[in-house]
1. Quick check: pseudo-label points 7 Å beyond the Cα along Cα→Cβ at Ser216 and Thr44, how many nm apart are they?
2. For segment 32-92, compute Rh as the Kirkwood radius over C-alpha pairs and then the Stokes-Einstein diffusion coefficient at 10 °C and 1.306 mPa s; write the answer in µm²/s, rounded to an integer.
3. Could you pull the Cα extents of segment 72-217 along its three principal axes, largest to smallest, in whole Å?
4. Taking the alpha-carbon centroid of each part, what is the distance from segment 135-201 to segment 59-83 in angstrom?
5. Give a residue-ordered list of calculated ³J(HN,Hα) values for segment 37-51 (Karplus: 6.51 cos²θ - 1.76 cosθ + 1.60, θ = phi - 60°; whole Hz; x for Gly, Pro).
6. Mind ranking 112-118, 180-186 by how tightly packed they are, going by the mean number of other C-beta atoms within 10 angstrom, highest first?
7. In Å², what does the accessible area per residue of segment 97-206 work out to with a 1.4 Å probe?
8. Could you give each residue of segment 64-70 its phi-based ³J(HN,Hα) in whole Hz, using Karplus coefficients 6.51, -1.76, 1.60 with θ = phi - 60°, and x for Gly or Pro?
Amino acid sequence: NDLMKAESVSVLLQHTLSGTDSSLEHGLTVLSALVKHCTGEARTAAEVAPVMGEVRGRMGDLVNVLRNPPKLDSVVNQAGPLDPPLGSSRIKVLEVFEGLLKMKNRECEDKMREMGAMPVVMDLFFKYEWHTFLHNLVQRLIEDMLQGGNEDLKRSLFTDGELLDRIISAHARNDEWVKEPKRSRLGYMGQLRNIANTIMAHSKQDGNEWMSEYISQPAWGHFLESELDPTNERYEKLQLGSVHNRPNTHQQEEDDDFTSPPATINPYDHFNFRAPDDDQEDLFDGDEGPDEYGDEKDYDDDEGEGGLLGTLMG
C-alpha cells in the first residue's frame, strides 16, 4: 500500500503538523486510521516499520498537539468554564498513541516516554471531568501499557504520570464534590476504579515485582483499604443482585461504572467533539464511507488541488 511507504507517511505528517488547523484535524484522522490499519494481524513488522519510523520522528510534535491544540472558543456549562475545550485533534492524537501501544514497538514507546506523553495525557484525563470518551480512551492506553513488556514505560506511569497519587487525590476531590446536594460522583470515577484494579492485578503477575516499589507506599495501602476494596465489595454485591445492600447518597457510585455528566452538559457539543461512528470503514479497505465523526470525507479543505490524500497519492 502506497500510504504505508515512508515517503507517503512523511508527507502526511508534514501536511498535518505544519499546516492549517483544518489540515491538522483531517491529517490526524488519516494518521489515526493508518496506525489502526497497521495493527491488523496480517501486517508484518517489515510492512509497518516505515510508518513507525516516521511517526516516531514526529512524536514530539504529536505530544505538542496535546499541550497546545488549535484555538477553540471557551465554553461554559453546569460544571464550569472550559478554556480550551478538549477538541477532536487531541482525541485523534490519543488514538494514534493507542495504536502504537497495541503494536508494542519499543522504539515508539521509548520516544513517547522521552517526550513526556503520559503526564500530559493524565492532565487531560483529570481536567475534562465529564468527557467519558476521553476517560475510556485513557483507560485503554494505561491497560495497554501495563500489558506490554516495556518496564521503563510502565514505570513512567507511576513516576512521570504520578498515577497513584492522582488516583488518591481524585477520590478525595470526589468526596468533597458529592457533599453538595444533587451532585453525582465525578465522571471518571468508574474508570479510576478499573485502572486501580488493573494495577493491582498486574502487580501480582510474574515479572512485575518491581511494582511493589510503588504500591507498597502507605498512602496507596490506605486507599486500598478505605476506598478500593470496599467499593469493589459493594459493586460485587450489586452485580449479584443484592439490592438490599445498595448504598445510598454518594456511595451509589457503583450502580453504574461510568457516571453520566450533569443533565445540562452535552459531552459532544460542549467539548467541541463530535460523536464517533462505530461503523467507520477502514480508509484503506474498499470504498470510503462516512468518517468516524459522521461527516462525509473531505480532505480538500485548505490543501489546494487534490487535497491531502491527493497529495499523498499523487
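1. 4.6 nm
2. Values: Rh = 14.0 Å.
For these conditions, the coefficient is 113 µm²/s.
3. 46, 34, 19
4. With segment 135-201 and segment 59-83 each reduced to a Cα centre, they are spaced 21 Å.
5. So the J values, rounded to whole Hz, are 4, 5, 7, x, 4, 7, 7, 8, 4, 5, 5, 8, 4, x, 5.
6. On the way: 112-118: 20.4, 180-186: 13.0.
Ranking, from highest mean packing down: 112-118, 180-186.
7. Values: 4360 Å² over 110 residues.
The answer is 40 Å² per residue.
8. 5, 4, 5, 6, 10, x, x
The values are calculated or read from the model by the stated rules, or taken from the named source; none is laboratory data. What you see is a predicted model; the values in this text were computed from it and never measured. All Cβ positions, even for glycine, are placed from backbone atoms using ideal geometry, and neighbour counts span all protein chains on display. Protein only, heavy atoms only, side chains kept; ligands, DNA and RNA dropped before computing areas. Shrake-Rupley method; radii C 1.70, N 1.55, O 1.52, S 1.80 Å.
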